[in-house]
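Participant: Quick one: this structure, given as structure tokens, is what I'll be asking you about.
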Amino acid sequence: MKAVWLEHQQLELRTDIPTPTPSPGEALVRVLRAGICNTDLELLRGYYPYQGIPGHEFVGVVEQGPPNLLGRRVVGEINAACGKCRFCLTQQPTHCENRTVLGIVNRNGAFADYLTLPVQNLHLVPHSVSTDAATFAEPIAAALEIQQQLSIHPQWRVLVVGDGKLGQLIAQTLALTGCDLLAVGRHRHKLELLENRGIKTGLADAVVDRSFDLAVECTGNPEGFTIARRSLRSRGILVLKSTYAGDLTIDISSLVVDEIALLGSRCGPFVPALELLAEFRVDVEPLIEAKYSLDEAIAAFNHAQKPGTLKVLVDVAGS
């Protein structure tokens, strides 16, 4: 089959990759569409020593699997868990000690004609959701994870730092809580997408120090972290949604003195993510900046690495 191969921080389009054979309990999925995520770009920069096919945001059609899924469009949770470790036994499969992760850890990903995932990881795409829009199910789920980890109170002042792909979705989903929300970034055209949905926005100078209860850092760079940290009042909560290719310097003493809670946050719930898409309560189509064929996947990655780029999709099936 045809696939994008990542090795030694270099991408190559290959046509000699064997079509995967699903293990027991898994399904074979023909990929329709795949999205380039910041994590894919960080893997390319050496964030984690991954070798294989990248890509974890996808929509596909089940070609081998249970009858209720055959021929149906699906999206998939990216963590394939063992079902036996202490995390699996306590219903925390995203932290399975033996997990593989689609396109990230020991499992080939979505920039290919086919992929495999456990059947239990797959979710049917509602008929009302377009294939392009369904590609956002995984990052919307990641955005919703914040609300799984925290109860957001309407009276809270909440800051989202970053107007990129994930920051846009986090701001949209947090706005649904009714909190006092401000999203800041560097790009007026991207902030306008949020303003069009009634979300307050600004540049970094709009952030008043020590005035927010919760700050969500979505930039993946030290400057964004600094803005988020200085925005918090004592006993505030700092949520990190970014992966960093390099080291990050943190003033630990200030976290102790101000009793700041530091919370890592990544994969989240797919069912409510798909419900938001089906009910048109999040708007993802304006976030699609470009679409490339699988043959053009290297160009797609080059495009996605340009500063300020929103979502770049790879149209794997050519439909």
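Participant: Once you put a point 7 Å from the Cα of Leu176 and another 7 Å from the Cα of Arg45, both along the Cβ direction, what distance in nm separates them?
Facilitator: Between Leu176 and Arg45, the simple spin-label model gives 3.0 nm.
Participant: Using a Förster distance of 35 angstrom, determine the FRET efficiency expected from the C-beta separation of Ala204 and Gln9, and round it to 0.05.
Facilitator: FRET efficiency, Ala204 to Gln9: 0.70.
Participant: List, in order, the whole-Hz ³J(HN,Hα) value for each residue of region 88-104 obtained from phi through the Karplus relation with A = 6.51, B = -1.76, C = 1.60 and θ = phi - 60°; use x for Gly and Pro.
Facilitator: Rounded to whole hertz, the list is 5, 5, 10, 6, 10, x, 5, 10, 3, 6, 10, 6, 9, 10, 3, x, 9.
Participant: Where in region 91-133 does the label zone of Leu70 land, with the point 7 angstrom along Cα→C-beta and an amide N cut-off under 19 Å?
Facilitator: Counting only backbone N, you get 115-120, 122-125.
Participant: Now, a different point. Using label points projected 7 Å from each Cα along Cα→Cβ, tell me how many nm separate Arg230 and Glu259, to one decimal.
Facilitator: 2.5
Participant: What does the net charge come to around Lys200 if you take all other residues with beta carbon closer than 11 Å to its beta carbon, with K and R at +1 and D and E at -1?
Facilitator: 0
Participant: Which option, (i) 34, 61, 5; (ii) 35, 54, 11, 0; (iii) 33, 58, 9, is the value of P(r) over Cα pairs in 20 Å bins from 0, in percent that was calculated from these coordinates?
Facilitator: Here P(r) over Cα pairs in 20 Å bins from 0, in percent agrees with entry (iii).
Participant: What order do Leu310, Leu13 take when sorted by accessible area (1.4 Å probe), most exposed first?
Facilitator: Per-residue accessible area, sorted high to low, gives Leu13, Leu310.
Participant: Now a separate question. In region 195-221, which residues have a backbone nitrogen under 20 Å from the label point lying 7 Å from Arg188's Cα in the Cα-to-Cβ direction?
Facilitator: Hits in region 195-221 for Arg188 at 20 Å: 195-207.
Participant: Taking 0.36 nm per intervening residue step and subtracting the Cα-Cα distance, what contour gain separates Glu285 from Thr94 on full extension?
Facilitator: Fully extending the segment from Glu285 to Thr94 adds 66.0 nm.
Participant: As an exercise, find the ratio Rg/Rh for region 129-185 from alpha-carbon atoms, using the Kirkwood inverse-distance average for Rh.
Facilitator: Computed over Cα atoms, the ratio is 0.99.
Participant: Another question about this same structure. May I ask you to compute the full-extension gain from Ala299 to Glu195, defined as 0.36 nm times their residue separation minus their alpha-carbon distance, rounded to one decimal in nm?
Facilitator: 34.3 nm
Participant: How large is the helix-only mean residue ellipticity at 222 nm for the chain, computed as the sum of -39500 (n - 2.57) over DSSP H runs with n ≥ 4, divided by its residue count, in deg cm²/dmol to the nearest 500?
Facilitator: Result for the chain: -6500 deg cm²/dmol, rounded to the nearest 500.
Participant: Right, next: Pairs to check: Lys84/Lys241; Lys190/Lys291; Lys2/Lys165. Give those whose C-alpha atoms are more than 25 Å from each other in this structure.
Facilitator: Result: Lys84/Lys241; Lys2/Lys165 exceed 25 Å.
The values are calculated or read from the model by the stated rules, or taken from the named source; none is laboratory data. Since the model is a prediction, treat every value here as computed from it, not as a measurement. Note that each Cβ is placed from the backbone with ideal geometry, even for glycine, and that neighbours are counted across all protein chains shown. Note: accessible area is taken over every heavy atom of the protein model, side chains too, but ligands, DNA and RNA are not part of it. Shrake-Rupley method; radii C 1.70, N 1.55, O 1.52, S 1.80 Å.
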